[in-house]
Amino acid sequence: MKTNLKRLGRAIATKRRSAKLANHEFTIISNTCIGGVITHNVGEQFRSPTVNLIIYEDQFLIFCQHLKEYSTCPVEKPTPEETPQFERFSYPIGIVRGASVGLPDINLMFVHYKTFEEAKEKWESRFARVNYDDIFILMDRGLDARDEILDGFYALPYQHKVFFTNKKDSERWPDNFQFSFYNPEQYVTGCLYYNQWSGIEAHHWMDEFDYIRWLNEGVVQKSDFHVK
């Protein structure tokens, strides 16, 4: 019964978000699963390869700078020589071979896939859907974002971008967004859920960020929903 209530809550919340969404052509490129979470929360098709994975921040900046070039690069398993650096991970690893277009390789941490083959197929099929005329860049680094990463992020040649971090400087980093739990006392990683109705899992922690308005208007702000 409780599981059914949660599913109902999610379905209702998704329908309400979708009704407010005017932009149905967007692509979100993100360094973590967050872009996929937002897309799922509004009931849209995944038009981005960066779903259910993690890309290291330094490599993510390079990836965003050369998005079209990387779309043509093969994704391969690590070679025997490369494997030791990934032995601590329990999920599949992919490497975008940027050398084929004169660029650095990009490591893909396929955290929510069971096999490399499945992850590779999803990466390629979703990359083919990217709308290069309606791209939104999203990066999450919580409490420990390095200044040089933030600077590099805001130098990216995209109109719509937001960085989730506790660091603030309205002139240097104009569109940083800080969640209510982005502080040393409360910060935790992962996808946290909050119940709007008794027993019904309707809101995701991402709902504190007004991603509907961001996708519709490019505005970065808090939503009416606040985590308590």
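Annotation note: Cβ proximity below 9 Å between a residue of region 64-85 that is closer than 21 Å to GLU117 by Cβ and a residue that is part of a loop (DSSP other than H, G, I, E, B) and open to solvent by 60 Å² or more (accessible area, probe 1.4 Å) (sequence gap 6+ or interchain) occurs for SER71/ALA128; THR83/LYS77. Flag not set for LEU150, criterion: in contact with a helix residue (DSSP H, G or I) (Cβ under 7 Å, 6 or more places away or on another chain), under 28 Å from PRO174 (Cβ atoms) and buried (at least 19 other Cβ atoms within 10 Å of the Cβ). Going through region 80-96 one residue at a time, which ones are open to solvent by less than 20 Å² (accessible area, probe 1.4 Å) and over 21 Å from the mean Cα position of the chain (by Cα)? The one that is open to solvent by less than 20 Å² (accessible area, probe 1.4 Å) and over 21 Å from the mean Cα position of the chain (by Cα): PHE86. When LYS77 is tested against the conditions (1) of a type outside the set (A, V, I, L, M, F, W, C); (2) under 30 Å from HIS204 (Cα atoms); (3) open to solvent by 50 Å² or more (accessible area, probe 1.4 Å), the lone failure is (2).
The C-beta contact set for region 111-126 (first residue modelled with pLDDT of 95 or more, second residue acidic (Asp, Glu) and open to solvent by less than 70 Å² (accessible area, probe 1.4 Å), distance under 8 angstrom, 6+ apart or interchain) is empty. Evaluation of THR50 against the conditions (1) at pLDDT below 95; (2) under 18 Å from SER125 (Cα atoms); (3) in a loop (DSSP other than H, G, I, E, B) shows that the sole unmet condition is (1).
What residue, of ALA99, ALA19, is more than 21 Å from SER223 (Cα to Cα), assigned to a helix (DSSP H, G or I) and open to solvent by 30 Å² or more (accessible area, probe 1.4 Å)? Let's see the steps before the verdict.
Numbers: ALA19 fails: more than 21 Å from SER223 (Cα to Cα).
Only one candidate qualifies: ALA99.
Regarding THR27, is this residue crowded, with 18+ Cβ neighbours inside 10 Å and of a type in the set (Val, Ile, Thr)? Yes, satisfied.
The values are calculated or read from the model by the stated rules, or taken from the named source; none is laboratory data. None of the values given here were measured: they were computed from a predicted structure. Note that each Cβ is placed from the backbone with ideal geometry, even for glycine, and that neighbours are counted across all protein chains shown. The protein model used for the area step is the full one, side chains on, heavy atoms only, and it has no ligands, DNA or RNA in it. Shrake-Rupley method; radii C 1.70, N 1.55, O 1.52, S 1.80 Å.
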